[in-house]
Each structure stands twice: as C-alpha cells, then as structure tokens.
1. Tell me yes or no: at least one residue of segment 260-271 is closer than 18 Å to Tyr238 by Cβ and either modelled with pLDDT under 90 or aromatic (Phe, Trp, Tyr) (or both).
2. Taking into account only those residues within segment 97-112 that are in a helix (DSSP H, G or I) and open to solvent by 10 Å² or more (accessible area, probe 1.4 Å), which is modelled with the highest pLDDT?
3. Is it true that Ala154 is under 13 Å from Ile15 (Cα atoms), among the small types (Gly, Ala, Ser), modelled with pLDDT of 90 or more and touching a strand residue (DSSP E or B) at 6+ places or on another chain (Cβ under 7 Å)?
4. Taking segment 314-343 as the search range and keeping residues that are modelled with pLDDT under 85 and under 24 Å from the mean Cα position of the chain (by Cα), which one is nearest to Tyr181 (Cα to Cα)?
5. Yes or no: Arg275 among the basic types (Lys, Arg) and either at positive phi or open to solvent by 40 Å² or more (accessible area, probe 1.4 Å) (or both)?
6. Does any residue in segment 318-333 that is over 18 Å from Asn272 (Cβ atoms) and of a type in the set (Phe, Trp, Tyr) come within less than 8 Å, Cβ to Cβ, of a residue that is part of a helix (DSSP H, G or I) and modelled with pLDDT under 90 six or more places away or on a different chain, and which pairs are these?
7. Of the residues in segment 113-122, how many are among the polar types (S, T, N, Q) and open to solvent by less than 50 Å² (accessible area, probe 1.4 Å)?
Amino acid sequence: MKLISPTKAVATHIISGFLGAGKTTLLKHLLSQKPENEVWAVLMNEFGQIGVDQQMLPQTQGYEVKELLGGCLCCSSQLPMQIALSRLLSETKPDRLFIEPTGLGHPAQLLEQLTEPHWQQSIAMHALVTVVDGSRLHDTQWTEQNLYADQLKAAQIIVVSHADRMDFADEQALDILQTEYQAYAQTWLRSGQADIALAQIDQPYIGTERKIQPLLKIQKTLLVGQTLPEIKQVPYHYVETTQGYSVAGWKLPKRWLFDFYPLLDLLCEQQNWLRIKGIFHTNQGWKTFNFNPQQFNYQSSEEGIDNRIEIIVQDQRDWQHFEDQLFQCQLNADNTDKTTQQI
C-alpha cells in the first residue's frame, strides 16, 4: 500500500494508559494549548463499537478527530490503522498529531508499527506517554495486571494522574513503582488536575537497542547456513538495553519442568539486580517469582502458557553462565527437545 505523506514529518504523541487512568482528560488539556495558527489532529481507538471519547474532545475549528472502533489498533491488523492514519495526515495536514489507543491496548506494538521505515517521512515520533491513576496505586489487583505492566514498560514518560487524591499508601506504592520501572521510564510527572504543559511531554522518542535471538546454548550449536528461528518461537533469549539498563529475558516451552528449590536458590543467589520476575512450571506446581531488592516474593499461580523470566540489571552480565545454571534446574532435560517450538 502506498502511503500519502505530508510535506513534513508531523510531531506525533501516543497517549496510553489503563482503563480510567485519565488519558482523555490529559489529552483535552493538551489540546487546549494549541496555538491559533496550527491544525492539530487526534486518532482515537475504542475497544467497543460506539465511540464516546470523541464526543468529549473540543469540537472547534483547528482540530480533526478520527476514531477507530471495535478492536485494538495496537495488536489487530495494521491495515485499518494505516489507512485511517494515512488519510488523516493527507486530508488534514496537521502540525501535530495525538494518538490515544484503547486502555486495553499494548502501546509498544503500536510504537513498533509507527517507527517502521515507511512512516519516518510522515510522522516524527515523540516520547510515548503512559498515564497511571495515582489514587489507585495501592490497589494491587489493579497494578499487578500484565497489561498494566506492559503499558508502563513501553513508556518514556509516565504521567501520574489524580496526584492530589493520593494517600500515604499510594505514595509508598509510587516509590516502589519508580524503582521497579527505572530501567524503562525516563521522566515521571505528577498531575493533580489539568496542569501538564505540552513542553513537558514534547520530548523526542528515544529508541531502544534490542537483540532477540535463539537461546545462547542453541545458538552455539547451529550449523552454518541453518535458518535461525523467528523471534516469536520458543525457546529464545533476548537482551534489551535502554538508558544505561539492560533487561535479559528467556521464554521457554511450557512442557519444560523445573526443580523448584534449586530454581529458587539460583534466583536468590543473583547479585546486583534491580528486578527479577518470572513464571515457571515446577515440581511444586506453577510458581511466580516477583523479586525487588526489598522483598523476594514467590507464590503459586495459575497454569502459564510457557516458562519465562526477565532480569533487569545496570551492568554487563555473563548471561551464558546464568542460562547454563537455569538449565541445570530442569528436571526433564534429558527428554527435552531443545529445538524451537511455535508458541
């Protein structure tokens, strides 16, 4: 599909956040700061079939608002999003563009789409913003959802909304959250009501250096000329480096069974890390591990779709050594085919 490009790349902001976090409120405040001589555009995505958020935005001259309904533009087919965005840019020729994905969306996937080469002449991506409700940070049922974590990981700027309604428990939770996600978030902003200036989020997008590859052990034994597995296959290992931090992760087949106590010992023996999170199929049942420097938490969990672990550090590591130790914790290693399997 040939995309129609405007005369110059349009400054583009993604405003993400979980359901009810305050994305639309922030967007309305940002739109109120539009210079009179500029045209701004908004692309909104709602999961349902009836658009409501669009009706909450200013219906005045100088704004063009388009909606994509019935799904998530982050992870559904790219074609509807590309068509809608291309038309919005070519017809409106905006000076600035805001994209608000659904609260059930994965902004990292949207960001990956919009930073592909064919969009670079059309849009100038700025720092991805994620909004979190500061008054609900004490609610672990809210904050421990995987989607909530994914949105925080994707953010370069995190806006803490409803900061004027935060209690002591929320403040404590915010301190822990900032420590936990310091490898991902560059800037944290507090918003009591409508007090975020455009200049505060008008930062350039800083990409991350990411290397996704087969397991280190497998990679060493690949034959010359052998085709490498796709990155969505398991098992695989990846390393992502951003802002001086490194995140290393492993995704392993569900059928691999691990010895719980040696695995726990291995994780507890690690040094100088910032965060360890994982889920494993063990001889004690499925277990989740959620370690921060202040507390080592592990508990029984529901059956996972695979074994996986992520470790955040601020230095260089011998990941081959850790992987070897991890595999030694495996109970069915002799019977396991370590060739990659489709998820």
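1. No - not one qualifying residue is present in segment 260-271.
2. Leu111
3. Considered against the rule, which asks whether it is under 13 Å from Ile15 (Cα atoms), among the small types (Gly, Ala, Ser), modelled with pLDDT of 90 or more and touching a strand residue (DSSP E or B) at 6+ places or on another chain (Cβ under 7 Å), Ala154 comes out as no.
4. It comes out as Gln314.
5. So Arg275 does not fit the description; no.
6. From residues that are over 18 Å from Asn272 (Cβ atoms) and of a type in the set (Phe, Trp, Tyr), the pairs are Phe327/Lys217; Phe327/Ala333.
7. Qualifying residue count for the region: 3.
Residue-wise test of (1) in a helix (DSSP H, G or I); (2) modelled with pLDDT under 85; (3) surrounded by fewer than 20 Cβ atoms within 10 Å (Cβ to Cβ); (4) among the charged types (D, E, K, R).
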{"position": "Ala124", "(1), (2), (3), (4)": "no, no, yes, no"}
{"position": "Val132", "(1), (2), (3), (4)": "no, no, no, no"}
{"position": "Ser135", "(1), (2), (3), (4)": "yes, no, yes, no"}
{"position": "His138", "(1), (2), (3), (4)": "no, no, yes, no"}
{"position": "Gln141", "(1), (2), (3), (4)": "yes, yes, yes, no"}
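The values are calculated or read from the model by the stated rules, or taken from the named source; none is laboratory data. Here the structure is a predicted model, which is why all the values come from computation and not from measurement. All Cβ positions, even for glycine, are placed from backbone atoms using ideal geometry, and neighbour counts span all protein chains on display. Areas reflect the complete protein model, heavy atoms only, side chains present, ligands, DNA and RNA absent. Shrake-Rupley method; radii C 1.70, N 1.55, O 1.52, S 1.80 Å.
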